[in-house]
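The structure under discussion appears below in the form of structure tokens.
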Amino acid sequence: MGDLSITAQYTSAVWAWGKLPCAELFATPDAQRVFDVTNAALAAATLLRPRTPLRIALLHRHAMIDHLLADAAPRRVLELAAGLSRRGAAVSADPAVHYLEMDLAAVSAHKRTLLARTAAGRAVLARPNYELVAGDVAEAPFPPADLVIAEGLLMYLDAPARARLFAKVAAVTSARFVFDLTPRDEEPPPGLAGRALEAAMKRFTGGRSFEKDLRTRADVLRELRAAGFTEVAALGSGDVARAWALPYADQATPTVVFTARASRSTPA
Ligand SMILES: C[S@@+](CC[C@H](N)C(=O)[O-])C[C@H]1O[C@@H](n2cnc3c(N)ncnc32)[C@H](O)[C@@H]1O
């Protein structure tokens, strides 16, 4: 697998490192290698200016989204760019929740292969309430959902692509939308680590890197309202770490998660 799926391998290894339920279903030696190499490069780059490791910021975002999902108690979840995330496998253990995961064809096929390796994975694939769908979020139709999740995706979209995605999700009736995105003014100051991560991203993704046009949380909230969302809100990991019992709650990370409600929603 090339391109952005490498980032899915890194995050899948983070979920395994964090011992999150079902993460073991997606563990591979390749993902472990991507994890080890990336962490070593980041550690070397932060020797002079120590900062909280990327894997902890990612664990914060994943746990925050898990918390919001549990709170929303949805019956139908659509997870966009689900990659090799363990969330769908874990949540669909409840037969009352229909969980549809969408990602690019190569990643979805790889995920299916990984699940097919074990009896526990095959049991997930056999669930009538679990769907693994190949689709580009820019083109594939979105089914009805109570909750739409996009984790680790928005930072790769430029302004026009972001606006198109916001409009598409806003049209999903009844949906609450949850995604992560750290605005530029909350990113740690650029240094060796930032440049190392950016260089690694460009290498893995054939030139694509993080979009940095959103300066503040207010910019993101404004775009969400313009797309037709209501009840828009931003949550920083530091605001909720202790109350939500996030892993490594004492570590400061720049993780920001946004929530919004599609304007055509029926109130809960
Ligand atoms: C950083 S990974 C995050 C994966 C997963 N959400 C997680 O947090 O573990 C980014 C994911 O976005 C997917 N992706 C990127 N562009 C996409 C698109 N246009 N349509 C669907 N998936 C996309 C990649 O294939 C990759 O799996």
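About its Cα centre, how strong a charge dipole does the range 10-58 have in debye, to the nearest 20, once Lys and Arg get +1 and Asp and Glu get -1 at the Cβ?
Details: 5 positive and 3 negative charges, 51 e Å.
In debye, rounded to 20, the range 10-58 gives about 240.
Of the two radii for the chain, the radius of gyration is 0.94 times the Kirkwood radius, both from the alpha carbons; that is the Rg over Rh value.
Over the range 28-103, all Cα pairs binned in 10 Å intervals from 0 give whole-percent P(r) values of 16, 38, 27, 17, 3, 0, listed from short to long.
Karplus-based coupling profile of the range 6-18, in residue order and whole Hz: 4, 5, 5, 5, 4, 5, 4, 6, 5, 5, 5, 4, x, with θ = phi - 60° in 6.51 cos²θ - 1.76 cosθ + 1.60 and x standing for Gly or Pro. Residues whose amide H falls under 5 Å from that of Ser174, counting only those 5 or more places apart or on a different chain, are Arg264, Ser265, Thr266, with hydrogens built in the peptide plane.
One Cα centroid belongs to the range 118-193, the other to the range 6-83; the line between them spans 15 Å. Under 5 Å from the amide H of Leu104 lie the amide H atoms of Gly135, each residue being 5 or more positions distant or on a separate chain, with H modelled from the backbone and absent for Pro and chain starts.
Here the label points at Asp136 and Arg33, each 7 Å from Cα along the C-beta direction, are separated by 2.9 nm in the simple model. From the Cα gyration tensor of the range 3-53, with a ≥ b ≥ c the square roots of its eigenvalues, which class applies: rounded if a/c is under 1.5, or else prolate if a/b is larger than b/c, or else oblate? The shape class here is prolate.
For the chain, the Cβ-based charge dipole about the Cα centre amounts to some 120 debye (Lys, Arg positive; Asp, Glu negative; other atoms uncharged).
From Cα pairs below 8 angstrom and at least 6 apart in sequence, can you work out the relative contact order of the chain, rounded to a whole percent? Kindly include the intermediate steps, with their values, before the conclusion.
Working: 470 pairs, mean separation 57.9, N = 268.
It rounds to 22 percent for the chain.
How would you classify the range 53-142 from its alpha-carbon gyration tensor, with a ≥ b ≥ c the square roots of the eigenvalues: rounded for a/c under 1.5, else prolate if a/b is greater than b/c, otherwise oblate? Kindly include the intermediate steps, with their values, before the conclusion.
On the way: a/c = 1.26, a/b = 1.16, b/c = 1.09.
The shape class here is rounded.
Which one, Pro50, Gly121, Ala82, is farthest towards the positive end of the dipole of the chain when Lys and Arg carry +1 and Asp and Glu -1 on their Cβ? So the residue we want is Gly121.
Here the 3J(HN,Hα) profile of the range 242-258, calculated from phi with Karplus coefficients 6.51, -1.76 and 1.60 at θ = phi - 60°, is 6, 4, 9, 6, 5, x, 6, 4, 7, 9, 7, 9, x, 5, 10, 10, 10 Hz, Gly and Pro shown as x.
All of the numbers you see were taken from the coordinates with simple rules; none came from a lab. Please read all numbers here as calculations on a predicted model, not as lab measurements. Here the Cβ is made from the backbone with ideal geometry for all residues, glycine too, and neighbour counts use every protein chain on show.
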